[in-house]
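Here the structure comes first, spelled out in C-alpha cells, and everything after it is commentary.
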Amino acid sequence: MDKCHNHRVLCIEDDEGVQSLITMRLEREGYQVDGSRSFQDGLKRAKEHPYSIILIDYHLPDGEGIDFLKQLHGADDERCFVMLTGMGSEEIIISAFHNGADYYLDKDSELKFLDLLPSVLMQCIEKIDLVREKKRFVEELQTKMDEAVRDNEKKDNFLTTMTHELKTPLYTITGYCECLSEEVYGPLTEKQKQVLAQMQKAAMFLNTVVSDLITMKMLERDKVKLEKKSFCLKETVQFCLDMVRDKAQDKGISIKLEYQLDPEFKLFADPDKMTQVLINLISNAIKYSEKGTVLVRVGQSDFLDIMVQDEGIGIDKENQKKIFEPYIQLPSIKGKRGEGSGLGLAITKRLIELHGGEIALESRLNEGTKIYVRLPVKTNQCVNC
Ligand SMILES: Nc1ncnc2c1ncn2[C@@H]1O[C@H](COP(=O)(O)OP(=O)(O)O)[C@@H](O)[C@H]1O
Ligand SMILES: [Mg+2]
C-alpha cells in the first residue's frame, strides 16, 4: 500500500463507466489516479506531469493507443505503460509490446480485469523500482569511475613531475662523476676509480629508467614527435653495438652483425628513436641470455627488416602476448626479476608503430628469442652516405 503513494497513475479511457471503475479500484489500493478521456488530452497530461504508470486504451476516438506509445515510449524509462484492449487479439498484444507497452489488460465484459489491476500495477512498480535502482547503481559507478580517473590523473601528473625533477640531480651526479673520472680534481687511486665506475654505472642505469618513464608518459599522451632525417643505418647499428659490447663481454656473449644492405644505405627516420629501439632490443638479448651469440641481422626485402636473435632464456607462449605492454617484467634468470623498468619493449613497439612499422616475436623457452622489426621503407633507394 505504501509503495502506491509514490506513484501517480494516469488512465486514458474514453468509456466513462470503465474509467470510473478503474479509478475507484485503484484509489481503493491507495493510488492517486487522474483520468483523461482523449488521446490529445492524455498526451498533454503525460508530457506535463510525472505519471509513473499510464493506462492507455487501445482505441480512442481521436487516436490509437499504439501511436501514443510510439510518441512517449523511450522518453522516460521510469514510466510503465499498460495497454487496455477491448478485443485482445494476439496481433494487437504483440504490436503493443513491440511499441513499448509493459503490460496489457483485456477489458472483458465480466470486468475480471479490475481484479487483475492491482497485481499488474504492483508489477509496474517493481519494474520502475528496478529501473531506478539500476540508474542509481550506474550513477554511483560513474561517480566512482570519475574519481578513479581523477586519482589516476593526479598520480600520473605526480609521476611526470617527479621523473622530470629526478633528471636535474642526475645530471649533477653524472657531471661530477665525469669530472672525477677525468681527474679534474686531482689523481684517483685504483680503489677510487673502481668505486667511481660503479657509481657511474648506477647513475646511468637510473638515468635509463627515468628516461624510459618520461618517454612512456609522453607516448601515452601522444606527445612524441618524430624528427625524421636521412642517416646511415649501418653506422647507427654499429654505434648501438658498441654501446652494449662491454655488457656482452662481461657475460661471455658474442655479438654478430649480418648487414645485408648496401653499406651506404640511408634510412629516412628519426635517428635517436631508431637508436633507442636498437639499444632496447640488443640490450634485452644480452640481458636475458647467459651464453651464446646475439645476432643482429639487417635484411633486404620489400621493406627494411631488422632481426635481433639471442640464445637466451626465451619467453613462454603465454607471456609472449604480454611483454609489449608497459610495466611487464617476467621472472627471468634464476627466478629473479630482471633489472629494468619493464618499459623497453612497450616503448620500442610504440616507436616502431610511430614510424609506420611493426614488431613481432618468436621465442622458445630456454632456447632463445627472435624479435623482428619491419619498417615500410624501400631499401633499394640508396643515397650515398
Ligand atoms: N630477448 C628476451 N629474452 C627473454 N625475455 C625477454 C627478452 N626481451 C624481453 N624479455 C622479457 O620481457 C620483459 C619486458 O622487456 P622490457 O620491456 O625490455 O623491460 P625490461 O628489460 O626493463 O625488463 C622483460 O622483463 C623480460 O622478462
Ligand atoms: Mg629491456
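Structure notes:
- Any hit, the stretch 184-191, residues being of a type in the set (A, V, I, L, M, F, W, C) and buried (at least 16 other Cβ atoms within 10 Å of the Cβ): no
- For residue 234, the requirement of being in contact with a Pro (Cβ under 8 Å, 6 or more places away or on another chain) and in contact (Cβ under 8 Å) with a residue 24 or more places away in the chain is met.
- When restricted to residues that are among the acidic types (Asp, Glu) and in contact with a Leu (Cβ under 9 Å, 6 or more places away or on another chain), the stretch 182-226 contains 1.
- Filter result (out of contact with any strand residue (DSSP E or B) (no Cβ under 6 Å at 6 or more places or on another chain) and either touching a residue at least 60 places away in the same chain (Cβ under 8 Å) or farther than 22 Å from residue 106 by Cα (or both)) within the stretch 8-42: 18, 21, 25, 29, 30, 40, 41
- Taken over the stretch 227-256, residues that are of a type in the set (Phe, Trp, Tyr) and touching a Leu at 6+ places or on another chain (Cβ under 8 Å) amount to 1.
Each row is one residue, and each column tells you yes or no for (1) at pLDDT 90 or above; (2) assigned to a loop (DSSP other than H, G, I, E, B); (3) under 23 Å from residue 59 (Cα atoms); (4) not aromatic (Phe, Trp, Tyr).
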{"site": "77", "(1), (2), (3), (4)": "no, yes, no, yes"}
{"site": "81", "(1), (2), (3), (4)": "yes, no, yes, no"}
{"site": "95", "(1), (2), (3), (4)": "no, no, yes, yes"}
{"site": "122", "(1), (2), (3), (4)": "yes, no, no, yes"}
{"site": "138", "(1), (2), (3), (4)": "yes, no, no, yes"}
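- When the stretch 231-276 is limited to residues that are within 20 Å of residue 304 (Cβ to Cβ) and among the basic types (Lys, Arg), the one that is surrounded by the fewest Cβ atoms within 10 Å (Cβ to Cβ) turns out to be 256.
- Scanning the stretch 279-316 for residues being of a type in the set (Ser, Thr, Tyr), away from ligand 2 (no atom under 15 Å from the Cβ) and either in a strand (DSSP E or B) or crowded, with 21+ Cβ neighbours inside 10 Å (or both) gives a total of 1.
- Residue among 217, 228, 223 that alone is within 30 Å of residue 268 (Cβ to Cβ) and crowded, with 16+ Cβ neighbours inside 10 Å: 217
- Within the stretch 317-328, the residues that satisfy the criterion of being assigned to a loop (DSSP other than H, G, I, E, B) and either loosely packed, with under 15 Cβ neighbours inside 10 Å or more than 12 Å from ligand 2 (Cβ to nearest atom) (or both) are 321, 322, 325, 327, 328.
- You will find that of 126, 147, 139, 110, the residue that is loosely packed, with under 10 Cβ neighbours inside 10 Å and out of contact with any Lys or Arg (no Cβ under 7 Å at 6 or more places or on another chain) is 110 and no other.
The values are calculated or read from the model by the stated rules, or taken from the named source; none is laboratory data. Keep in mind that what you see is a predicted model, and the values were worked out from it rather than measured. Quick reminder, even Gly has a Cβ in these numbers, built from the backbone with ideal geometry, and neighbours come from all protein chains shown.
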